[in-house]
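Take a look at the structure below.
None of the figures in this text is laboratory data; all of them are computed from the coordinates on show. If you're wondering where the values come from, they're calculated on a predicted model, not measured in any experiment. Quick reminder, even Gly has a Cβ in these numbers, built from the backbone with ideal geometry, and neighbours come from all protein chains shown.
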Amino acid sequence: MSIWRWADLIDFVPEHARITLGEGNTPLVRSRRIGASVGLKNLWLKLDFANPTASYKDRFAAATISHMVAAGKKRCIATSSGNTGASLAAYCAVAGIECLVAIVEGAPLGKLQQMLCYGAKLYRVRGFGSDAGISNAVFEQIMRWGSEPDAAVQVSSYKYSAPGMTGVETVSFELAEQAESPIDHLFCPAGGGGLAVAAARGFRKLVDFGHLSKSPAVEVVQPEGNDTIASPLRDGSLKAREVTSTTKISGLQVPTVNDGHWVVTECRASGGSGHVVTDEEVWETQTRLAREEGIFTEPAGAVALAGGLRAAREQRVNPEANIICMVTGSGFKDPHSVEQMVEATGGAPLISFDDFARLNC
């Protein structure tokens, strides 16, 4: 199984050039405890961290690196806060393509190590991911490098890599198959907004082809420290906006607009809105997912659910609605956030057998 089972619905790649590590077909599981705590009767979690490199970005990498193979490109020039770089590095390794990645300053060590293990060349840029001016300058530089005949720029954004982003649309195709009843709301985390656009476009394709009667409302969730899209979407603005990113949620530190304007247009058309959450809400939700649902995710992977829970508390969704929240990256991606969770438990002290035998368990 891979995203190529949907080859007729995404941007065309000749069969001989298609690269895969078995991405896609990730689990959709019902919330057993968290949904009930806020009165949601049908809350589901799409575990897209179950992809080969442990994030949903493998859908993008499989498609976009396959396009590079088809075009005979040999150098992948990319930017990433972590997960995109890890996915691209892995798929470049399969394809025999050199991978160079400009990394946001605050990228977690776990993601950097993963990219390096796959053989990518990394360059962390001071201010990239927090300062909009520096971030725009980084993009301009990689576009210059990517203009060489043997190279291609790969950024998980329709603005820069639209053919590859159609691979992400496959998550909508899967959800339509997996859901036991029509989906009312799909909550997506957003940094640059590519996932939300992909979900909205994927569902719209299914409607256009007669496979669905109606698209779910695609809901956009952002940390308040990187609110480029969520508030404009919620407040009726026509466009996203640049900000100075202050969130500590790695992977969502994207102060530039990227796909934000399309998010506002397409998610609003689906009936969706924007939701803003605090970093503290995200960390609390990350912990709850582990301890109440057995789901080990990085902070960015808990953002969609944090938004869904806030929407439930604010009575912005019907308690009877069929709601799905994307869980996008593994907890192993962000060791620092794991350390924070572990500290609260008291850890695993080393004790003698005699002390162990005296424990009252």
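Taking Lys and Arg as +1 and Asp and Glu as -1, the other residues whose beta-carbon sits under 15 Å from that of Leu100 total +3. Quick one: check the C-alpha center-to-center distance for segment 103-136 versus segment 291-325, whole angstrom. Segment 103-136 and segment 291-325 have Cα centres spaced 28 Å from each other. For segment 57-158, the relative contact order works out to 33 percent when only alpha carbon pairs closer than 8 Å and six or more residues apart are counted.
Considering only Ala107, Ala304, Gly260, and ranking their Cα positions along the charge dipole of the chain that arises from unit charges at the beta-carbon of Lys, Arg, Asp and Glu, the one farthest toward the positive end is Gly260. If you take the square roots of the eigenvalues of the alpha-carbon gyration tensor of segment 57-158 and sort them as a ≥ b ≥ c, do you get rounded (a/c under 1.5), prolate (a/b over b/c) or oblate? Since a/c reaches 1.5 but b/c is at least a/b, the shape of segment 57-158 is classed as oblate.
Just give me a number: lysine pairs in segment 93-249, eight or more positions apart or cross-chain, with C-alpha atoms less than 18 Å apart.
4
In summary, the aspartates and glutamates within cross-link reach of Lys73, defined as a Cα separation below 16 angstrom excluding same-chain residues under 8 places away, comprise Glu98, Glu148, Asp150.
Net length available on complete extension from Tyr123 to Ala137 is 3.6 nm, with 0.36 nm assigned per residue and the Cα-Cα distance removed. Each Lys or Arg adds one and each Asp or Glu subtracts one; over the other residues with Cβ under 9 Å from the Cβ of Arg32, this totals 0.
In percent, how large is the relative contact order of the chain, given Cα pairs closer than 8 Å and 6 or more residues apart?
19
Relative to one another, the C-alpha centroids of segment 188-267 and segment 1-79 are positioned 18 Å apart.
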